[in-house]
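Quick note: the coordinates plus some simple rules give every number you see, no bench work behind them. What you are looking at is a predicted structure, and each value in this text was computed from that prediction instead of being measured. Ideal geometry is used to build each Cβ from the backbone, glycine not excepted, and the neighbour counts take in all protein chains shown.
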Amino acid sequence: MIRGQDQKRLIYRLLDVPPISVGAERYTEDDHIKPNFRQNAIHLGTGLFSVQKPAEAANLHTLFSQHAKDALVSRNHPAQATKQTTKNAHVRDKDARADIRDRSAAGVEVKFYESPYSRKFLEYVGSDSIIAPFIRDLNPALGLSIAPLKYAGYSGTGGLYLSDGDNMYFLTSRHVVLPGGQADNIPYYCRQSSQGAVQIMLPAPPVFDNIDMSLEEKIQIRKGTVNRYGAQLSQLRRDEESGLDVKAIRAGIELELRNEEANVQKLEDFKSNVINNMREFDDRVIGHVVYAPPFAAVGEGCFIQDLALIKLNRGTIDWSTFKGNVIDLGDTFDYPDDRLLPIKGVVPLDELVNSGEGMTFIKNGVKTGTTIGCGIGMESVEYNIGNTKLLGNMFAIEPVQVGRPFSDYGDSGSIVVDSRGRAAGLLTGGTPKKDKSFVIPIACVLESVKIAFPGMQLYSVPV
């Protein structure tokens, strides 16, 4: 490490951009220094490096450029990537960072920071797409699988997008994202991700593993079909050689073979370019918890409070395709055609309390998917979370689909809407028999959020 009072230190930190990018924020101990970023700093993987002089930056770049080469090609230029470069991208990133830590950058003072680079939501796809079953847990439609990075064994559902005008947030339940702090039940507040914040990943490990296994199974099934078509064509060629007229049949099978080969290629590309780049937990981070008030019974109605706000990293959302607060209805309904139900406003508290009984409700959760329920009304509930025991009120919903509960473990944090598409409540739990599910009225949830974030609103797509 270079030491001495005459040495100046420059620190560059990547800001919400993919690894090996040119965007950065500069911090310096000497405000008069105005170096050119490309000359004075390099960055590999999900880290950043500070250097003393342009020449040292060049030497550092030479030293570690080979480690970063595959990652650069695979992540920034996927069209040029091969299976090998994609496979090695993460390994080389980690090797580069380890070398820099161990060698202290060959005498150059280096300060390493983790970048807030975030996994970007994938685009919505139609039901007819071959990758549609694997995209549903990776696109921004509500009902997303989330888990705290350090408590990967816990998971739940991301419920609703909120915005304060500058940043985007995800609403969920406190017990989903702070399982390690249940016993303390103290207010959680963390503005900056660098403050040891609880990082949130998407999807949770069980959901990712299911996607991975289902995708590989689908690939092998399709390859089996390709092989069968190939065997049929071989037989048809022998039939032709023996004088049989099978040209029409052969042409049909050749067409099916080309289509099936194209499907296999799409599935393998999806696995190579998306799934394989999400195997590490760190590569699934979408944001961090900024606010979670303690579990309590609040307000005149003594409604249970169990909520948390996740601040999404910039770059998580592709604004060119983002449709805002929409619920993926899956195959439950024939309408709308794209399966996406827009959320339009909220159900007023007095309407839910006084007229909620008999109303129809819909939710999409990680465990049970899209389900339909009927409102029972407000009920007094004993709410036990860790060492915290509360008595408060929540709105109860019963299932209407035969043999299918309205919710189950893993659905906590889901947003529940009425038949008009209005947000009604935040799902937090249910009875052991699964004959009832409980939600906190969304009007109460938003009121609690606005105590800490006065400008927070339900996000709506600009017209």
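Structure above, values below:
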| quantity | calculated |
| --- | --- |
| Simple spin-label estimate for Asp184 and Cys374 in nanometres, 7 Å along Cα-Cβ | 4.5 nm |
| Length gained when the stretch Thr360-Lys120 is fully extended (0.36 nm per residue, less Cα-Cα span) | 83.0 nm |
| Label-to-label distance, nm, for residues given as Arg238 and Glu217 (7 Å Cα→Cβ offset) | 3.4 nm |
| Mean Cβ neighbour count within 10 Å, used as a protection proxy, ranking 206-213, 405-412, 130-137, 452-459 highest first | 405-412, 130-137, 206-213, 452-459 |
| Label-point separation, Ala231 to Val400 (7 Å along Cα→Cβ), nm | 4.9 nm |
| Gain in span if fully extended, Thr388 to Asp408, counting 0.36 nm per residue against the direct Cα distance | 5.1 nm |
| Cut-off under 5 Å, modelled amide H: who pairs with Ile327 long-range | Leu142, Leu341, Ile343 |
| The stretch 352-366 - phi-based ³J(HN,Hα) in whole Hz, Karplus 6.51/-1.76/1.60, Gly and Pro as x | 5, 5, 8, 10, x, 5, x, 6, 8, 10, 9, 8, 10, x, 5 |
| Percent RCO, i.e. relative contact order, over the stretch 313-463, from Cα pairs under 8 Å lying at least 6 residues apart | 21 percent |
| HN-Hα J in Hz across the stretch 296-304 - Karplus 6.51, -1.76, 1.60, θ = phi - 60°, x for Gly and Pro | 6, 9, 10, x, 5, x, 6, 7, 5 |
| Amide proton proximity set for Phe170, modelled H, under 5 Å, gap of 5+ | Leu162, Ile310, Lys311, Leu312 |
| Computed lengthening from Ala132 to Glu268, 0.36 nm per intervening residue step minus Cα-Cα distance | 47.6 nm |
| Which listed pairs, of Lys150/Lys266; Lys218/Lys363; Lys150/Lys389; Lys323/Lys367; Lys218/Lys311, have C-alpha distances above 30 Å, in listed order | Lys150/Lys266; Lys218/Lys311 |
| The stretch 321-329 - phi-based ³J(HN,Hα) in whole Hz, Karplus 6.51/-1.76/1.60, Gly and Pro as x | 10, 5, 10, x, 7, 10, 9, 7, 7 |
| Distant-in-sequence amide H partners of Ile376 (H built 1.01 Å from N, under 5 Å) | Gly358, Ala396, Ile397, Glu398 |
